[in-house]
1. Quick one: HIS68 ticks every box in (1) more than 30 Å from ILE108 (Cα to Cα); (2) in contact (Cβ under 8 Å) with a residue 60 or more places away in the chain; (3) not in a strand (DSSP E or B) except a single one, so which number is it?
2. Filtering segment 106-163 down to residues that are touching a Leu at 6+ places or on another chain (Cβ under 9 Å), surrounded by 10 or more Cβ atoms within 10 Å (Cβ to Cβ) and at pLDDT below 65, which residue is farthest from SER179 (Cα to Cα)?
3. From the set of residues in segment 71-87 that are modelled with pLDDT under 85 and assigned to a loop (DSSP other than H, G, I, E, B), which is farthest from the chain's Cα centre (by Cα)?
4. Only residues in segment 73-92 that are on the phi < 0 side of the Ramachandran plot count as the first member; pair them with residues that are in a helix (DSSP H, G or I) and modelled with pLDDT under 95, Cβ under 6 angstrom, at least 6 apart or cross-chain, and list the lot.
5. I'm trying to understand the selection: among the residues of segment 57-77, which are loosely packed, with under 14 Cβ neighbours inside 10 Å and among the charged types (D, E, K, R)?
Amino acid sequence: MEISLREFILKGNFGPVQIGMTKNEIINTLGKPDSDTDYGESGELYYGYYEFFYWTENQILFAIQNDHLIADCTNHNEMILFENNNFKIDVWFLEVGRDFTYKEIKDILNKEGLEYTEEISYKNGPNILKFKSGVFFDFSSGYIGWGSDEESSETWHQLEKTIENLDDYILNGIGYCPSDTTGK
């Protein structure tokens, strides 16, 4: 089965996986996760870096995200690509090793005629692009990562990038967390 990120933003469903499903239903649908982490009140299933958050008490899914879209690492392919025996991610416009700016994302969405709103994600935070489904893209005004100043260099060091202009902010994540999903 192929799960499309484009369809996810339009419908709010990650293929057949929907908010409100149980942890076991997700595993039966998507297969064994790479990791199942218990945080106490909530837990998280990882499929690559696609994260499925559930309430520990009743095992109900309340959020889906991948907040590892910035190409600030040598294993960026592991951050956005995923495939197992049950499903494969169609990453739509995403490319391994490439960042997308706020402006580029808006251009892609406008070219495809996809409706969205621009919202402030939190006090003084960068804008998010939110879809009717409730799914959103969030952006970063910078990052700290590891890299090299020259493409051919074998010397790696910590890099810090700070961005002033909103249009140049970098796509950080895709997520869905309906505020009315208590699972209780």
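The values are calculated or read from the model by the stated rules, or taken from the named source; none is laboratory data. All values derive from a computational prediction rather than experimental measurement. Virtual Cβ from ideal backbone geometry, glycine too; neighbours counted across all protein chains shown.
1. (1)
2. Checked segment 106-163; the qualifying residue farthest from SER179 (Cα to Cα) is SER148.
3. Among those that are modelled with pLDDT under 85 and assigned to a loop (DSSP other than H, G, I, E, B), it is THR74.
4. Within 6 Å, the pairs are VAL91/ILE80.
5. GLU57
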